[in-house]
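Colleague: To start, I am sharing the structure in question, which I have written as C-alpha cells.
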Amino acid sequence: MKSVVQRTGLSPHVIRVWEKRYGAVAPRRTASNRRLYSEAEVRRLLLLHAATKAGHSIGTIARLSDEQLRALTGWAEEPAALPPIVNGHTLPGDPSAGFLARALETVRRLDARAFESVLLGASLQLGCQGLLQKLIAPLVIKLGDLWCSGELTAAEEHFASGAIRNFLAGLSRPFTLPENAPALVVATPAGQVHELGAVLVAAAATSHGWRVTYLGTSLPAVEIAGAVWRTTARALALSLVYPADDAALPAELTTLKRALPASVAIVAGGRAAAAYRPTLEAIGATLAEDLPGLYAFLDSVRQPDGVTPSRS
C-alpha cells in the first residue's frame, strides 16, 4: 500500500474506498491479508485519479475500461513510462526541476491553461506529495523571491496564487475524509497579504487526512478565533509571508491566542515567520519551516478517532 500511495498520490483511505465501494481495482491478498497490487492496477489507479481531478465522479467511472479512461483523460498512451518512486523521489532523474521552470514560464505569460497543464503533469508523475513538496513548495518560495525583488508583477503573483488555489482545491476533491477527521483552520493574520503559503498548507493538510477550513488572507484575530470555535478545530495554521516587519502583528497574535480555546494548537510558517519568533514562542506556537515540519506538527496534535479535544 505504501508504494501504491507514493506512485499514485492517493491516500490509503481513498484507495480502499475505491476498491471496496466501487470495485475500481481488485488486488490480491497475502496470507496475512495484506493487499498486493499489480503494475496494471497501479496504472489504473493513476488513470482514475486523473479522471477524478478532471471533475468526473468516481462512482460513474470506476467500472470503465482502461481504454475508456485514457480517452476520458486524454492520455494517448499507457502511463507505464512513469519513473518509479522510492521514498518520495523519482528514479532515475528527478523531473521536478523541469516542471518548476515550465511553471515559472507559464506564469510569466499569464497562460492559465498551460500552467494548469504543468501542474497536472507534475501531479501525475510525482504523485500528490511529490507535487506539493517538490514543485508547489519551491514554486511558492521562488515566486515570493521574485516578487520581493521586483522581478514579478503583482498581476503575475495574483495569477499564480489563484491558479494554484483552484488546482489544489480540485486535487483535494478525491480525498474522502471520515466524519471524525480532525479539523484545521488555515488563515493569514491581519496585515499579511500573500496567500500562496496558506493555500499550500491547506492542500497538504487535506492530503494528510485533516478537514480544512481555509479563510484566506489578512483576517482580524477575532474572525480567525471565531472560525476555530465554530468548526471545533483541533489546530490553527497561520501563514506569515509578507511583511516581516509589521509592528502591529505581535499584538494581533497575542489577541488571537487569548481568543482561542485553550486546547487548540497553533502552527506558523512562511518566509516571514522567523521574524516573529519571540511572539510565536510566547503564544506557544510551533514554527514549521517546511512541509515535513507541518506534517510532524499535525501528527503530534492528532487525537485518536472519536476523541474530542477540550474546549475550556
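Colleague: Can you find a residue that is within 26 Å of Val118 (Cα to Cα), of a type outside the set (A, V, I, L, M, F, W, C) and surrounded by 15 or more Cβ atoms within 10 Å (Cβ to Cβ) anywhere in the range 236-252?
Modeller: Yes, there is a match, as at least one residue in the range 236-252 is within 26 Å of Val118 (Cα to Cα), of a type outside the set (A, V, I, L, M, F, W, C) and surrounded by 15 or more Cβ atoms within 10 Å (Cβ to Cβ).
Colleague: Here is a follow-up. Sort out which residues of the range 240-298 are more than 18 Å from Val140 (Cβ to Cβ) and small (Gly, Ala, Ser), and write them in order of number.
Modeller: Ala247, Ala248, Ala251, Ala259, Ala262, Ser263, Ala265, Ala282, Gly284, Ala285, Ala296, listed by residue number.
Colleague: Is it the case that Val212 is over 19 Å from Ser11 (Cβ atoms) and within 15 Å of the chain's Cα centre (by Cα)?
Modeller: No; evaluated as a whole, the condition is false for this residue.
Colleague: Going residue by residue through the range 67-85, is there one that turns out to be of a type in the set (A, V, I, L, M), at pLDDT 80 or above and closer than 20 Å to Trp18 by Cα?
Modeller: Our first condition is that a residue be of a type in the set (A, V, I, L, M); within the range 67-85, this holds for 69, 71-72, 76, 80-82, 85.
Filter once more, so that each one left must be at pLDDT 80 or above: 69.
Checking the rest, the ones that are also closer than 20 Å to Trp18 by Cα come to 69.
Yes, there is a match, as at least one residue in the range 67-85 is of a type in the set (A, V, I, L, M), at pLDDT 80 or above and closer than 20 Å to Trp18 by Cα.
Colleague: Shifting gears a bit: Could you tell me whether the range 173-196 includes any residue that is of a type in the set (Ser, Thr, Tyr), more than 26 Å from Ala54 (Cα to Cα) and in the same structural domain as Leu294 (by TED's automatic domain parsing)?
Modeller: The answer is yes, given that some residue of the range 173-196 is of a type in the set (Ser, Thr, Tyr), more than 26 Å from Ala54 (Cα to Cα) and in the same structural domain as Leu294 (by TED's automatic domain parsing).
Listed here are the residues, each with its yes/no results for (1) farther than 29 Å from Pro250 by Cβ; (2) surrounded by 24 or more Cβ atoms within 10 Å (Cβ to Cβ); (3) at pLDDT 85 or above; (4) aliphatic (A, V, I, L, M).
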{"residue": "Leu177", "(1), (2), (3), (4)": "yes, no, no, yes"}
{"residue": "Val186", "(1), (2), (3), (4)": "no, yes, yes, yes"}
{"residue": "Gly191", "(1), (2), (3), (4)": "no, no, yes, no"}
{"residue": "His194", "(1), (2), (3), (4)": "no, yes, yes, no"}
{"residue": "Ala202", "(1), (2), (3), (4)": "no, yes, yes, yes"}
{"residue": "Gly209", "(1), (2), (3), (4)": "yes, no, yes, no"}
{"residue": "Gly216", "(1), (2), (3), (4)": "no, no, yes, no"}
{"residue": "Glu223", "(1), (2), (3), (4)": "no, no, yes, no"}
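Colleague: Please go through the range 178-209 and pick out each residue that is among the polar types (S, T, N, Q) and outside any loop (DSSP other than H, G, I, E, B).
Modeller: Those that are among the polar types (S, T, N, Q) and outside any loop (DSSP other than H, G, I, E, B): Thr206, Ser207.
Colleague: If a residue counts only when it is farther than 22 Å from Ser161 by Cα and of a type in the set (A, V, I, L, M, F, W, C), which strands (runs of 3 or more DSSP E) contained entirely in the range 210-312 have at least 2 such residues?
Modeller: 265-269
Colleague: State all residues of the range 90-116 that are out of contact with any helix residue (DSSP H, G or I) (no Cβ under 8 Å at 6 or more places or on another chain) and at pLDDT below 85; if no residue qualifies, say none.
Modeller: Leu91, Pro92, Gly93, Ala97, Gly98
Colleague: Within the range 1-40, how many residues turn out to be assigned to a strand (DSSP E or B) and surrounded by 14 or more Cβ atoms within 10 Å (Cβ to Cβ)?
Modeller: Going through the range 1-40 one residue at a time, the tally reaches 1.
The values are calculated or read from the model by the stated rules, or taken from the named source; none is laboratory data. This structure is a prediction, so every number in the text was calculated from the model and none was measured. Here the Cβ is made from the backbone with ideal geometry for all residues, glycine too, and neighbour counts use every protein chain on show.
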